[in-house]
Each structure stands twice: as C-alpha cells, then as structure tokens.
1. Please compute the Kirkwood hydrodynamic radius of the chain from all pairs of different C-alpha atoms, in Å with one decimal.
2. When only C-alpha pairs under 8 Å and at least 6 residues apart count, what is the relative contact order of the chain, in percent?
3. In bins 5 Å wide, starting from 0, what share of all Cα pairs of the stretch 60-122 does each bin hold, as a percent?
4. In nm, to one decimal, how far is the modelled label at SER164 from the one at HIS116, with both set 7 Å along Cα→Cβ?
5. What spacing in nm lies between the two simple spin-label points modelled at ILE72 and ILE84, each 7 Å away from Cα in the Cβ direction?
6. Mind listing P(r) for the stretch 127-175? All alpha-carbon pairs, 10 Å bins, whole percents.
7. Short version: ³J(HN,Hα) in whole Hz for each residue of the stretch 81-96, in order, from phi by Karplus 6.51 cos²θ - 1.76 cosθ + 1.60 (θ = phi - 60°), x for Gly and Pro, what are they?
8. Pull up all non-local amide H partners of VAL186: gap of 5 or more, or a different chain, and H-to-H distance under 5 Å with H placed in the peptide plane.
Amino acid sequence: MSELNTAFEPNLLRMLVRFCLMALVFTVIEQLFALHRSQAIFRQGYVTDIFHFFVSHLLVNFGFGLVATIFISFANTSEWLNPIRSWVSVLSPGIQMPFALSIILFSDYWEHRLAHTWKWRWRFHAIHHTTTQMDWLASVRSHPLDQILHRSFTFIPVLMLNFSVFTLAPVFAVAAVMGIVDHVNVRITLPT
C-alpha cells in the first residue's frame, strides 16, 4: 500500500500546485475583466468543481493513459502508418506545431459536436453543461468517461502519428488553456 501512496503523492502535489496557480491567475483575470461583475468568486457549485478537478482528473488520466497505450502500441506495429509516422517525424518543430494543433482542433470540434448530437454520448457530456455560472473552474466539471472519450478522440491521433514530444508538450498546453478560456467569466471582444 505504501508503494501506491508514493506513486500518487507526486501527482496530487502537482495537481495541488497547478490548481493554486490556475486559481490565482484566472481569478485575478476574472476579477479585472469580469463579464458578470456580480458573480462571486466562490459561486454556487465551486466545491463540486474542485472535486471534479482532483478526483475526475485522476480517473481521467488513468483511463486516457490506458486507451492511449493501446492505440500507440497499435500504431507502433502498424505497417500502413509507418510512412506517415516517418514523414511527420522529420518535419521541423515549426511545421509540426501548427500541424499538430490543427489536427487537435479539428478532432476537438467534431468530437464535441458528436457529444451534443449522439444521444448515448450526450448522457455523459450533459454533466459538463450543468454549471449555471461560468468561470475558469467550470471547464473541469465533467463525467470521467466524457473526458476519456474527448481526450482520446482529440489527442490520440497526434500521439499515433509520431509527433515530437517537444512539439506536443506546448501544443497540449495551448489546447488546455484554450479549453479553460472558453469558460472564463471574462468579457472578450474579438475583432470582426
């Protein structure tokens, strides 16, 4: 049992540090540029979303890791993917980054659309839409299976195609920040 505790301690500590940093940064931004100024920082459902941040995150990481391992093992032994994987591996990081981000955004759009239109998929995704007040933390409220499916459809294609880890790390970080920014309580005006 002590081995299990030792394995989870670094993850929990990293998650706690990440949570505190994100809470600090996004709460300050939301207070300075709030869309709904009357919304409290500790809004209704805040504790529920903290639970989702930690507990669901652990379940999702485990489930996604399992699914990703299966698909990457398949990709590593798949003859028909080898030419594509070889071609991707020789691209420069300046080409790989926008290419990987484009694949992720394309996959994200279609997976999210499927989550809203396929009845079976909607049952799991609907939990994400139970938040009545939006802020940075609202982005994490989801069923673990919803997030495992979402991450699998969104990220496994680029993992299977042999993109460099130096490319994927910043691309995954950008995708994660974009997912949070979609939910922040901030007035954002985009140029038309």
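1. On the way: mean 1/r = 0.0541 Å⁻¹.
That comes to 18.5 Å for the chain.
2. Working: 163 pairs, mean separation 67.4, N = 192.
Worked out over the chain, it gives 35 percent.
3. Pair shares across the bins are 4, 14, 12, 19, 26, 15, 8, 3, 0.
4. 3.6
5. 1.8
6. P(r) for the stretch 127-175, in whole percents per bin: 21, 42, 28, 9.
7. 8, 4, x, 5, 4, 5, 4, 5, 5, 8, 5, 6, x, x, 8, 4
8. Amide H neighbours of VAL186, under 5 Å, 5+ apart: LEU35.
The values are calculated or read from the model by the stated rules, or taken from the named source; none is laboratory data. From a predicted model like this one, the values you see are computed outputs, not experimental measurements. Backbone-built Cβ (ideal geometry, glycine too); neighbour counts: all protein chains shown. Accessible surface is based on the protein model in full, side chains and every heavy atom, while ligands, DNA and RNA are left aside. Shrake-Rupley method; radii C 1.70, N 1.55, O 1.52, S 1.80 Å.
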